[in-house]
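Working notes for the structure below.
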Amino acid sequence: MMHNETNLRPMVYIAGPLFSEAERSYNLYLKHLLEESVEVYLPQEDGLLITDLLDSGMSVEQASSVVFKNDINAIHRCDFLLILLDGRAVDEGAAVELGYAHCLNKLCISLQTDFRRLAPFGNNPMITGAIGRSFTRTEDLISWIKERSPSNDVARQRQHL
């Protein structure tokens, strides 16, 4: 894994829905699990929320532009992107973030614990085509990331001393 410019640990950008309380709670849970191994950029926590910007007096157009640019900058800084695919349909914003990260040649991985779209047709090929690795269980995702984290490399090196 590559490293972002400001930290030795890789940074993951979590792309997913963040509009309901349940979605935000799960995103925070996942961020907490991932932070043991990598830096995490979670837009609902680390970015700007359009509702906050509107409350501050910005117009819808200004607020939308600020959120877009902020999240695009974060995608540039990340080492890889994790898209959350649970739900009836893929979140539109997450789909754009995935496509953007893919065009930047970032590693894109997915987590889909919701089996509704896994059969018979599956997800849209424009989504699956951008994903390098997919997971259906949170535990498998966390294990995969831990195996590749620099801190795990240090632990392996110490075992060989």
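The values are calculated or read from the model by the stated rules, or taken from the named source; none is laboratory data. In this text, all values refer to a predicted model and were calculated from it rather than measured experimentally. Cβ atoms come from the backbone with ideal geometry, glycine included; neighbour counts cover every protein chain shown.
With the condition kept exactly as written, say whether any residue in the stretch 27-50 is of a type in the set (V, I, T) and in a helix (DSSP H, G or I). The answer is yes, given that some residue of the stretch 27-50 is of a type in the set (V, I, T) and in a helix (DSSP H, G or I). Residues in the stretch 61-76: is at least one among the hydrophobic types (A, V, I, L, M, F, W, C), closer than 19 Å to A101 by Cβ and not in a helix (DSSP H, G or I)? Among the residues of the stretch 61-76, not one is among the hydrophobic types (A, V, I, L, M, F, W, C), closer than 19 Å to A101 by Cβ and not in a helix (DSSP H, G or I), which makes the answer no. Within the stretch 9-19, the presence of a residue that is more than 11 Å from the chain's Cα centre (by Cα) and at pLDDT 95 or above is excluded. Looking across the stretch 102-133, the residues that are over 17 Å from P17 (Cα atoms) and surrounded by 17 or more Cβ atoms within 10 Å (Cβ to Cβ) come down to H102, K106, L107, A130, I131. Of all the residues in the stretch 79-101, those that are modelled with pLDDT of 95 or more, surrounded by fewer than 23 Cβ atoms within 10 Å (Cβ to Cβ) and in contact with a Lys or Arg (Cβ under 9 Å, 6 or more places away or on another chain) number 3.
Listed conditions (1) in contact with a strand residue (DSSP E or B) (Cβ under 9 Å, 6 or more places away or on another chain); (2) assigned to a helix (DSSP H, G or I) are all met by I83, apart from (2).
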